[in-house]
Amino acid sequence: MLLVTPDRVVSIDSLVEAVWNGRPPATGRTQVAICVAGLRKTFRTVGCPDTVIATTAPGYQLLSGDHLIDSVEFERRLTHSRELAQTRETRPGSLEEATDEYAAALALWRGPALAGISAHVLDVEAARLEEQRLTAIEEWSALRLDQGQHRSLISDLAGLVHEQPLREQTRAQLMLAQYRSGHRVEALETFRQGRRHFIEDLGLEPGPALQELHTSVLRDDPALELAPPATEPAEITVAPAQLPSDIAAFTGRQHELPMLDELIDDQSGEGPLAVGFITGSAGVGKTGLATHWAHRSAAHFPDGQLYADLHGYDSGHEPTDASMVLDRFLRSLGVLAEKLPVELHERIALYRSILGGRRVLIVLDNVRSYCQIRALLPGCGRCCVLVTSRNSLPELMEGHGARVLRLQPLSRTESVRLLADVVGDSRIPEDRSSSQQLAELCDRLPLTLRIVAARLVGKPHWTVRRLVARLQDPRKRLDELTHGERGVRSCLQLSYRMLEPDAAKTYRRLGLIEAADIDAQLGATLLNTNPDEAGDMLEQLVDAHLLEVVNPGADDDVRYRMSKLNRLYAEERAFQDESVPERTAAHGRVFGGWDPARGGNGRTRSQRGGSVYSPAPRPGGELSFGAAP
């Protein structure tokens, strides 16, 4: 009830009415208050420090704030899609943008709205949301038909017609898609099946629009074919320039930029495709470096620059399918929608043929797997591809000899310079020691440095020391390093969810200790396994950029380190995803049976193989191992 009316007060009487469907017990109001208290506790337990449910007469109010609610996000994207569609005649590219925005809105659905909840008022809301979904599908399908995507539409619309046999608009779109794909008989059969449903279920004939379409199909009316554009250009008149805006106040990377410049030297056209691969942890600045270098080097690619965000690690999107990007790239390169080949392998061949003699830069950002981009790699050595990803993507090195840049955090000097450039006032130079401390609290990551810089810009009365004091509390640091939809917690959450179960367990357990460095023996003790298996888990965390190697090149006794922000998030996951007995048992193996109930000074230290580690403190003097969150 609170979620379907965010930021509006819902009276207690309305909640009682909804929960018990008009027949509440005498203690209904009290029980609602108990439930709200339980919800508030749940929010606090999972690390939400702000008030989510406020008591506001005559009831309660859910404060959405910076949180995302899927139904609200769906309606926002739907509105944006319609606005883009309305500008299709006046703004080039808006039709494709509207189509992609509809797809992103519909991707938020995971089944029926409010499934499993029985309440009359919520049944009404679920029906409203479902009608919005069906309308969005019809509007999206209409745009796709206008772009000549009739073949790919058939399977999607056939399933929807089966679920909603009396929805005339959807049935008409399926008939049109079938007819344009050369399936005239199937289109007529779709009409006959629909007519039978209308007569049997409603005792009515289909509406005039559906009957007129049926007549047009019978007559092979030329008006059913996709209308050609007013003019058909013989070749590209404008080279595509799809790069996003260059990042403001770009700082550092003086070693990496020349390495990327070497890609331009590889463009003789006779050798293999030049591929650059930027990888690193969340927030380390992969996209910023790729975008900055692409803008700096654009003049070397006179035939255009193509860009795609594959949304491999994006909480608001599903990973983008390569076929969608390939279609967009082909249209940008001058291929008319109706001339796009049907089969994927034919589209790939056309894409590589078009790029064969051109100097084009292709930037593929935020990639999750090699499968996402395999179809987007041209075969021409005159082109250049730049890929960013948190994953290692070994296929790029094995098959394409990609130049790999593993980004590290900025240096302390570069971090302070970035803060000064973004804040743009005297607070940073006047307080350099605090600025350096602020940079270290941010792990010297461009993402977190820009977040705190934005905080300082928005709070001109704050000093750097004040912000440092707020970040020094480890319980609040991840909350402070959040700005709007951006934040280190959300970035790390996506990486954590991609881990295999054993690797995720390793990550959580490492968050329970503060260690100068970590080795396979310590990992084995935490996991209650052998060092070889623990070493494999640690290496998986290295591949996911959640752990870094301290002594690269060592033949044995490899040591690892976890960044401060990573450890804080790993500790959160441990207290959310593991039970007290599991944490207590792990502690007993590492620290030799320390009893968390005894407390003590909270700084038990142990020495193994040169690694010094201690149980991480919790609020109120508690220690991580075995302590209740």
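Would you mind stating whether residue 66 is of a type in the set (D, E, K, R) and out of contact with any strand residue (DSSP E or B) (no Cβ under 9 Å at 6 or more places or on another chain)? Give the steps one after another, and end with the answer.
On the way: of a type in the set (D, E, K, R): yes; out of contact with any strand residue (DSSP E or B) (no Cβ under 9 Å at 6 or more places or on another chain): no.
In short, no.
Looking only at helices (runs of 4 or more DSSP H) that fall completely inside the stretch 435-509, which ones have 1 or more residues that are over 26 Å from the mean Cα position of the chain (by Cα) and polar (S, T, N, Q)?
464-472
Under the condition of being hydroxyl-bearing (Ser, Thr, Tyr) and not in a helix (DSSP H, G or I), which residue from the stretch 535-587 is farthest from residue 280 (Cα to Cα)?
Restricting to residues being hydroxyl-bearing (Ser, Thr, Tyr) and not in a helix (DSSP H, G or I), the top hit is 579.
Do any helices (runs of 4 or more DSSP H) lying entirely in the stretch 389-430 carry at least 2 residues that are under 24 Å from residue 375 (Cα atoms), and which ones are they? Lay out the reasoning, then the answer.
Values: elements: 394-400, 412-423, 427-430.
So the answer is 394-400.
Return a yes/no flag: does the stretch 112-131 have any residue that is farther than 26 Å from residue 21 by Cβ and either buried (at least 18 other Cβ atoms within 10 Å of the Cβ) or touching a residue at least 60 places away in the same chain (Cβ under 8 Å) (or both).
no
Restrict the check to the stretch 29-39 and report whether at least one residue is outside any helix (DSSP H, G or I), in contact with a strand residue (DSSP E or B) (Cβ under 9 Å, 6 or more places away or on another chain) and either closer than 27 Å to residue 573 by Cβ or touching a residue at least 40 places away in the same chain (Cβ under 8 Å) (or both). If you could, list the steps in order and put the result at the bottom.
Here is the first cut: in the stretch 29-39, the residues outside any helix (DSSP H, G or I) are none.
Within the stretch 29-39, not a single residue is outside any helix (DSSP H, G or I), in contact with a strand residue (DSSP E or B) (Cβ under 9 Å, 6 or more places away or on another chain) and either closer than 27 Å to residue 573 by Cβ or touching a residue at least 40 places away in the same chain (Cβ under 8 Å) (or both).
Out of (1) surrounded by 15 or more Cβ atoms within 10 Å (Cβ to Cβ); (2) part of a strand (DSSP E or B), the odd one out for residue 55 is which?
(1)
Okay, residues lined up against (1) aromatic (Phe, Trp, Tyr); (2) surrounded by 17 or more Cβ atoms within 10 Å (Cβ to Cβ); (3) on the phi > 0 side of the Ramachandran plot:
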{"residue": "75", "(1), (2), (3)": "no, no, no"}
{"residue": "82", "(1), (2), (3)": "no, no, no"}
{"residue": "95", "(1), (2), (3)": "no, yes, no"}
{"residue": "109", "(1), (2), (3)": "yes, no, no"}
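If you check residue 463 against the conditions, is it at negative phi, among the hydroxyl-bearing types (Ser, Thr, Tyr) and surrounded by 15 or more Cβ atoms within 10 Å (Cβ to Cβ)?
Considered against the rule, which asks whether it is at negative phi, among the hydroxyl-bearing types (Ser, Thr, Tyr) and surrounded by 15 or more Cβ atoms within 10 Å (Cβ to Cβ), residue 463 comes out as no.
Of everything in the stretch 425-459 that's of a type in the set (Gly, Ala, Ser) and surrounded by fewer than 21 Cβ atoms within 10 Å (Cβ to Cβ), which residue is farthest from residue 469 (Cα to Cα)?
Let us first name the residues in the stretch 425-459 that are of a type in the set (Gly, Ala, Ser), namely 426, 433-435, 439, 453-454, 458.
Those left that are additionally surrounded by fewer than 21 Cβ atoms within 10 Å (Cβ to Cβ): 426, 433-434, 454, 458.
Values: 426: 19, 433: 13, 434: 10, 454: 17, 458: 17 Å.
Only one residue tops the list, namely 426.
For the stretch 527-548, which positions are surrounded by fewer than 22 Cβ atoms within 10 Å (Cβ to Cβ) and farther than 20 Å from residue 390 by Cα?
Of everything in the stretch 527-548, those that are surrounded by fewer than 22 Cβ atoms within 10 Å (Cβ to Cβ) and farther than 20 Å from residue 390 by Cα turn out to be 527, 528, 529, 530, 531, 532, 533, 535.
Can you find a residue in the stretch 304-315 that is modelled with pLDDT under 90, outside the structural domain of residue 94 (by TED's automatic domain parsing) and farther than 27 Å from residue 408 by Cα?
Of the stretch 304-315, the ones modelled with pLDDT under 90 are 311-315.
Now drop any that are not outside the structural domain of residue 94 (by TED's automatic domain parsing), which leaves 311-315.
Still in the list and also farther than 27 Å from residue 408 by Cα: none.
No - not one qualifying residue is present in the stretch 304-315.
What's the number of the condition residue 26 fails, among (1) in the same structural domain as residue 126 (by TED's automatic domain parsing); (2) part of a loop (DSSP other than H, G, I, E, B); (3) aliphatic (A, V, I, L, M)?
Among (1) in the same structural domain as residue 126 (by TED's automatic domain parsing); (2) part of a loop (DSSP other than H, G, I, E, B); (3) aliphatic (A, V, I, L, M), residue 26 violates only (1).
Restricting attention to the stretch 287-313, and to residues there that are among the charged types (D, E, K, R) and crowded, with 17+ Cβ neighbours inside 10 Å, which single residue is farthest from residue 374 (Cα to Cα)?
The initial filter retains those residues of the stretch 287-313 that are among the charged types (D, E, K, R), namely 296, 303, 309.
Restricting the remaining residues to those that are crowded, with 17+ Cβ neighbours inside 10 Å gives 303, 309.
Values: 303: 22, 309: 15 Å.
Only one residue fits best here, namely 303.
Quick one: in the stretch 405-424, which of the residues that are of a type in the set (Lys, Arg) and over 26 Å from the mean Cα position of the chain (by Cα) is surrounded by the most Cβ atoms within 10 Å (Cβ to Cβ)?
From the stretch 405-424, those of a type in the set (Lys, Arg) are 406, 412, 417; that's our starting set.
From what is left, the residues that are over 26 Å from the mean Cα position of the chain (by Cα) are 412, 417.
On the way: 412: 14, 417: 18.
By that ranking, first place goes to 417.
Hey, does the stretch 122-130 have a residue that's among the acidic types (Asp, Glu), modelled with pLDDT of 90 or more and assigned to a helix (DSSP H, G or I)? Can you show your working first?
Residues of the stretch 122-130 among the acidic types (Asp, Glu): 123, 125, 130.
Filter again for modelled with pLDDT of 90 or more, leaving 130.
Still in the list and also assigned to a helix (DSSP H, G or I): 130.
Yes, that holds for at least one residue.
The values are calculated or read from the model by the stated rules, or taken from the named source; none is laboratory data. A quick note: this is a predicted structure, and the numbers were derived from the prediction, not measured. Cβ atoms come from the backbone with ideal geometry, glycine included; neighbour counts cover every protein chain shown.
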